[in-house]
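Where a number appears in this text, it was derived from the coordinates with a stated rule and is not lab data. Treat the numbers as computed from the prediction; the structure is a model and nothing was measured. Ideal geometry is used to build each Cβ from the backbone, glycine not excepted, and the neighbour counts take in all protein chains shown.
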Amino acid sequence: MGGFLTALLGLYAWFFVSSHSSKQAPANSASLKLTCELPSANAASPRPGMVWIPEGKFDMGDTVYAEEKPVRNIKIKGFWMDRTEVTNDEFASFVKATGYVTIAERNLDPLKHAQLPADMLKAGAVVFSMPAALKNGDDPSQWWKYVVGANWRHPAGPNTSIEKYGSFPVVHITYADAKAYAQWKGHQLPTEAQWEWAARAGAKEMPSQHDQPAGANTWQGIFPMANSSEDGFAGLAPVGCYAPNAYGLFDMIGNVWELTADVFVANRLENSQLRTKDQGLDPDDAQRPPAFKQATGGARVIKGGSFLCAPNYCMRYRAGSRQPQEEDLAVSHLGFRTIYQPAGIN
Ligand SMILES: [Ca+2]
Ligand SMILES: [Ca+2]
């Protein structure tokens, strides 16, 4: 017990030091490392920058949180998948070519969102910031803030920029934004099953271990107050800083959560008798931003956890974990990657 307390005090000591020193740093630049070297893409590949995910059957799901159950055996066809999360540079190419304006860059129609305070009608996004103190229990509004002017170009607000952060995963991307990018590429968003099979990298049985992974960008310490950054990054990391999985995919676990094409439905939970106060969607809403735009559309499944996943709050640094995400709400821990399924694969 003494060792544990010492370690805990150490974490808090680190927090106080780091919270002072980090005030000078841009909000999205927890690390000084701006790029990580990827192995060169195979020029002979028909789809450089993507890897082939073979067909297979596997036990989809997990048993840590209610929404992951039941585990069921499913079959997946082969497909190509981006080996990294989509980066700021890649998304900028799309915007430059098409003139696309993301959802977070558009003001909301006050007639359709009459319940929202005026500030939330202005274009913006939800940004994580480490609180100085917790005064209201586990209320996530203490670390998630709606920031007017935050979007993919300005991840922490109007005074921040992605200059020098081209190799970082793009964030503040909603479902419509990700789908528009994928269509521009001639790609699709992965289904949840495709994403999970790719993250398993050939492991067909549900994993017996649920420990926090060492080789991924997650949160070490007590969320949301103390982050020891043992993995090298307190915030986002450039893509490809950790070893790829057996299929050659980087950062499937951690860094940013990744959007999928699947609508999140709570029906699977209704028989589990594990419904929670929050509509039964999720027994642990620590990572989920408060419902800033409740009157808007549905939710999509997001996968893999993020740099905010910690053992004390959100053990979602696993292939089988999942979480609902409001379709039209941009948040600072969410990105995506695309797939390509050749015609005739069956
Ligand atoms: Ca980290
Ligand atoms: Ca990821």
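For the reader, a short list of remarks on this structure follows.
- Pairs exceeding 28 Å between alpha-carbon atoms, taken from Lys33/Lys179; Lys33/Lys69; Lys75/Lys185; Lys96/Lys164; Lys135/Lys303; Lys33/Lys122: Lys33/Lys179; Lys33/Lys69; Lys135/Lys303; Lys33/Lys122.
- Tensor-based shape of the stretch 93-237 (alpha-carbon gyration tensor, a/c under 1.5 rounded, otherwise prolate or oblate): oblate
- The amide H of Ile53, built 1.01 Å from its N in the peptide plane, has Phe79, Trp80, Met81 as neighbours under 5 Å, considering only residues 5 or more places off or on other chains.
- A straight Cα-to-Cα reach below 12 Å connects Lys145 with the aspartates and glutamates Asp119, residues fewer than 8 places away in its own chain not being considered.
- Each part gets one Cα centre, and for the stretch 295-346 versus the stretch 34-71 those centres are 13 Å apart.
- Our estimate of slack between Glu163 and Asp89, defined as 0.36 nm per intervening residue step minus the Cα-Cα distance, is 25.7 nm.
- Backbone HN-Hα couplings from phi across the stretch 113-119 [Karplus 6.51/-1.76/1.60, Hz, Gly and Pro as x]: 10, 5, 7, 8, x, 4, 4
- Taking label positions 7 Å along the Cα-Cβ direction at both Ser129 and Trp184, the computed distance is 3.0 nm, reported to one decimal.
- Protection proxy ranking, peptides 302-312, 36-46, 97-107, 224-234, average beta carbon neighbours within 10 Å, highest first: 302-312, 224-234, 97-107, 36-46
- Ala203 versus Val64: modelled label distance in nm, points set 7 Å from Cα along the beta carbon direction: 1.1
- Estimated FRET transfer efficiency (Glu55, Asn312; beta-carbon r; R0 30 Å; 0.05): 0.20
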